[in-house]
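Student: One structure, pasted below without further comment.
The values are calculated or read from the model by the stated rules, or taken from the named source; none is laboratory data. Small disclaimer: the values here were computed from a predicted structure and weren't measured. Glycine also receives a Cβ, built like all others from the backbone with ideal geometry; neighbour counts cover every protein chain displayed. Accessible surface areas use protein heavy atoms only, side chains included; no ligands, DNA or RNA. Shrake-Rupley method; radii C 1.70, N 1.55, O 1.52, S 1.80 Å.
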Amino acid sequence: MAMNFAAEGMCCGYGNAPVLTGLYFAAESGAVLCILGPNGVGKTTLFKTLMGLLPAMGGDVTVDGASILRWPARKKAQLMGFVPQSHIPPFPYTVQQVVVMGRTAHLGIMSAPTERDYALADQTLEALGIAHLGDKIYTRISGGERQMVLIARALVQEPKILLMDEPAANLDFANQAMVLKTVQSLAAQGIIVVMTTHTPDHVFLCGTQVLLLTREREMLSGPPEEIMTPENMRRAYGIDVCITTAQANGRLVRGCVPLME
């Protein structure tokens, strides 16, 4: 059954200082909503508000029309997973142990993970093609591998919505492609993916919708081919760009190139 995830006139910020006001977006099951914009326009603030780490200053966030802003943290964690840019635990956990931590939202107080929880963690590692990492120490694997493990940790929550904070940041070209391919795969399974990125090409590669925040905190929302124009990119970043197109493997591929003087 399809799900609708929406922000309706939401205002978010810190204390009495709003950062984003009048924010609207809507995403259905299987969508990849990419949030793009320069540093300091409020992308992190938006994520913190969606997750309940910051109270909304106005408006609403809804799932199928029902407000989730006052949901308890446990209930929200069963709906929504989060993948940070990076994470280094203070202790040398194995990859399997890190992934099982994602089951916390489904465990009772003082409960320990069950055999089913460990089995689900192993199945998720297998599905992501990283089962061979299960017994390895998380702090000793590569950055790309750690990012895939963080995705696995979020997926064992069995979320319907997955928030990803620059999931391909600080990764080499091949690992970026691997993570973005995983994003496409998750959306194909019906998960709503909301991801921030600093790379316009990521929007063209896997985004079905884009929310472009400009330096003046304008909010431009719609399909990538409508929003990702040279004019809008100039409004967002203050530089001239060229949107390129090419045919590859029978489909049209777009890219964004800054025009250097």
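Student: Give the number of residues within the range 202-261 that are of a type outside the set (D, E, K, R) and at positive phi. Don't jump to the end; show me each part of the working.
Tutor: To start, the set of residues in the range 202-261 that are of a type outside the set (D, E, K, R) comprises 202-214, 219-224, 227-230, 232-233, 236-239, 241-250, 252-253, 255-260.
Narrowing further to those that are at positive phi: 222, 238, 249-250.
Count: 4.
Student: Residues that are buried (at least 24 other Cβ atoms within 10 Å of the Cβ): find the strands (runs of 3 or more DSSP E) completely inside the range 140-228 holding 3 or more of those. Spell out how you get there, then give the answer.
Tutor: Numbers: elements: 161-165, 192-197, 209-213, 219-222.
In the range 140-228, 192-197, 209-213 are the strands (runs of 3 or more DSSP E) which contain 3 or more residues that are buried (at least 24 other Cβ atoms within 10 Å of the Cβ).
Student: Return the residue satisfying two criteria in turn: it lies in the range 73-99 and is hydrophobic (A, V, I, L, M, F, W, C), modelled with pLDDT of 85 or more and open to solvent by 10 Å² or more (accessible area, probe 1.4 Å), and of such residues it is farthest from the chain's Cα centre (by Cα). Write out each step before concluding.
Tutor: Taking the range 73-99 and keeping what is hydrophobic (A, V, I, L, M, F, W, C), we get 73, 77, 79-80, 82-83, 88, 91, 95, 98-99.
Still in the running and modelled with pLDDT of 85 or more: 73, 77, 79-80, 82-83, 95, 98-99.
With the extra rule that they be open to solvent by 10 Å² or more (accessible area, probe 1.4 Å), the set shrinks to 73, 77, 79-80, 82.
Numbers: A73: 19, A77: 15, L79: 14, M80: 10, F82: 7 Å.
In this case the residue turns out to be A73.
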